[in-house]
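**Student:** Just passing along the structure, written as structure tokens.
The values are calculated or read from the model by the stated rules, or taken from the named source; none is laboratory data. Please read these numbers as outputs of a predicted model, since none were measured by experiment. Here Cβ is always computed from backbone atoms with ideal geometry, including for glycine, and neighbour counts include all displayed protein chains.
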Amino acid sequence: MRDNCEEKARNTLESRQGCLVKRFYLRWMILMTIFGSISILGAVRYFQEVRTISPKTLLSIQPKETVRLMGMIDAGSFMKATENEPFRFDLSGEGGKVAVTYTGEDPDGLLRELKTIVVIGNWESGDGEFQAKEIALVPNYGFITSAYIFSLVPLAFFLFYMERRVALLYVMIKDEKVYQPETGQ
Amino acid sequence: MVATRFIGWLRKYEKWFGLTATVLISAGLYTGLVTSSPDYYQGEVVRIMYVHVPFAQTAMLAYSTLFLCSIWYLWKKEAVVDNACHAAAGLSLFFTAGGLITGSIWGKPTWNAWWVWDPRLTSFAIMFLTLVGYLMLRTFLDDKEKKATFSAILAIIGFVDLPIIHFSVEWWRSLHQPLSVSNRGVSIAPDMLVPFTLMSIGVGILFSYMLMVRTQMLYLEHLLEAKQGRLLNEGQL
């Protein structure tokens, strides 16, 4: 890389330092494009498969498709399933309240009063009930995003600073004629 | 001449480490954030594992490198080896801080606490403080040889914390989960093992790359400082 830049600097008006700096930023742009694309794919997955809505939003948008509804099971509203009856409870969140019915197993005792859960199913506007087909854990995606941002962003800045510093130091030292590497020429 | 040959070698091979780390981390992030399934007990939050565990493992790898490097320095007394030790300490501190921060963020939704005085967490915090002490010691001392020797001794003494960190989840009853990959087998679902392995190896290789870059940075800074000092003495600056 260094030799190409030196050759280019000899043949064109571009300086060797300019050539190295250009390559350095190009490399970082490629890296940012790769990791930016992965972040976008992660965000798409979140919006398609993980994002939840609150009971208040459910009542205002009245969705026809399957949605993930997150809320807390109201105290005194929980009725255990019997042979003929499904689980029944009220789910509340952001000031809205929705009656939920769920036919199926209680996964690991998730269903209890004052527990915040996610129910996956359809809103039956005629009955005024949310029919859940599946129960899921609260996604807590804010924590996941924070963990990735607080670790990978400082890592990128740290690495960027070090690489840039090394590139500049080589140019400065070459100018001062202090260091001539023995290998890699 | 040993130093210039060593730096030349780092410069020649660093790009392969950087490239491998980029490929592995990209694949690890893609599988970890997009294709892998949520955990049965923890749900989506398990995805923090793909960044927390590699950071924590790499912090320990970096400290082990610092330990070996310090022994090497005390044996050979090469200035460039001291640059590598200094670089490993800075990187170890960075990854230790990353491991503690991501662990704290993971602790809140799973343990309902940002921090607990658990043996694993406490011994890890001790490693963080040892590294802060190491870097402070280097800042306070002016004599280059004393600085390198005393800090190498401190790093060797501080290494006693590493087995404690590793085995703390086995020796004491701990809130922190036990080892997922040990001689008893692998207790991670294959679906999660793929991003976990890719990220662990990828961040480990990234550390090697960063060590190569940082060692060059510290070596060149000292070289430039020496040159400029010489110019100052000669009245040229």
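**Student:** Among (1) closer than 30 Å to residue B:125 by Cβ; (2) among the β-branched types (Val, Ile, Thr); (3) facing chain A (nearest Cβ under 9 Å), where does residue B:22 come up short?
**Tutor:** (1)
**Student:** Now for a different question. Cβ-Cβ under 6 Å, sequence separation 6+ or interchain: first residue in the stretch A:76-102 and assigned by TED's automatic domain parsing to the domain that holds residue A:129, partner among the acidic types (Asp, Glu) and assigned to a strand (DSSP E or B). Which pairs?
**Tutor:** A:77/A:90; A:97/A:90; A:99/A:90; A:99/A:129; A:101/A:129
**Student:** Can you find even one residue in the stretch B:21-29 that is of a type in the set (Val, Ile, Thr), in a helix (DSSP H, G or I) and in contact with an Asp or Glu (Cβ under 6 Å, 6 or more places away or on another chain)?
**Tutor:** Filtering the stretch B:21-29 for residues of a type in the set (Val, Ile, Thr) gives B:22-23, B:25.
Those left that are additionally in a helix (DSSP H, G or I): B:22-23, B:25.
Within this subset, residues satisfying the condition of being in contact with an Asp or Glu (Cβ under 6 Å, 6 or more places away or on another chain) are none.
For the stretch B:21-29, residues of a type in the set (Val, Ile, Thr), in a helix (DSSP H, G or I) and in contact with an Asp or Glu (Cβ under 6 Å, 6 or more places away or on another chain): absent.
**Student:** List every residue pair whose Cβ atoms sit under 8 Å apart, with the two residues 6 or more apart in sequence or on different chains, where the first one lies in the stretch B:1-29 and is of a type in the set (Gly, Ala, Ser) and the second, anywhere, is in a loop (DSSP other than H, G, I, E, B).
**Tutor:** B:3/B:78; B:8/A:181; B:8/A:182; B:8/A:183; B:8/A:184
**Student:** Right, here's the next one. Give the residue, chosen from B:133, B:204, that is modelled with pLDDT of 90 or more and either within 14 Å of another protein chain (Cβ to nearest Cβ) or closer than 25 Å to residue B:111 by Cβ (or both).
**Tutor:** Values: B:133 fails: either within 14 Å of another protein chain (Cβ to nearest Cβ) or closer than 25 Å to residue B:111 by Cβ (or both).
When all the criteria are applied, what remains is B:204.
**Student:** Inside the stretch A:1-115, counting only strands (runs of 3 or more DSSP E) that do not spill past its ends, which hold 2 or more residues that are of a type in the set (Phe, Trp, Tyr) and more than 30 Å from residue A:171 (Cα to Cα)? Let's see the steps before the verdict.
**Tutor:** Working: elements: A:67-73, A:87-93, A:96-102.
Hits in the stretch A:1-115: A:87-93.
**Student:** Continuing with this model, one more query. From B:89, B:62, B:97, B:84, which residue is buried (at least 18 other Cβ atoms within 10 Å of the Cβ) and under 30 Å from residue A:46 (Cα atoms)?
**Tutor:** Numbers: B:89 fails: under 30 Å from residue A:46 (Cα atoms); B:62 fails: under 30 Å from residue A:46 (Cα atoms); B:84 fails: under 30 Å from residue A:46 (Cα atoms).
Within the list B:89, B:62, B:97, B:84, the selection yields B:97.
This table checks each residue for (1) among the aromatic types (Phe, Trp, Tyr); (2) under 30 Å from residue A:156 (Cα atoms); (3) out of contact with any helix residue (DSSP H, G or I) (no Cβ under 7 Å at 6 or more places or on another chain).
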| site | (1), (2), (3) |
| --- | --- |
| A:27 | no, yes, yes |
| A:30 | no, yes, yes |
| A:46 | yes, yes, no |
| A:51 | no, yes, yes |
| A:75 | no, no, yes |
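Residues checked against (1) surrounded by fewer than 16 Cβ atoms within 10 Å (Cβ to Cβ); (2) modelled with pLDDT under 90:
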| residue | (1), (2) |
| --- | --- |
| A:3 | yes, yes |
| A:7 | yes, yes |
| A:36 | yes, no |
| A:41 | yes, no |
| A:48 | yes, yes |
| A:68 | no, no |
| A:77 | yes, yes |
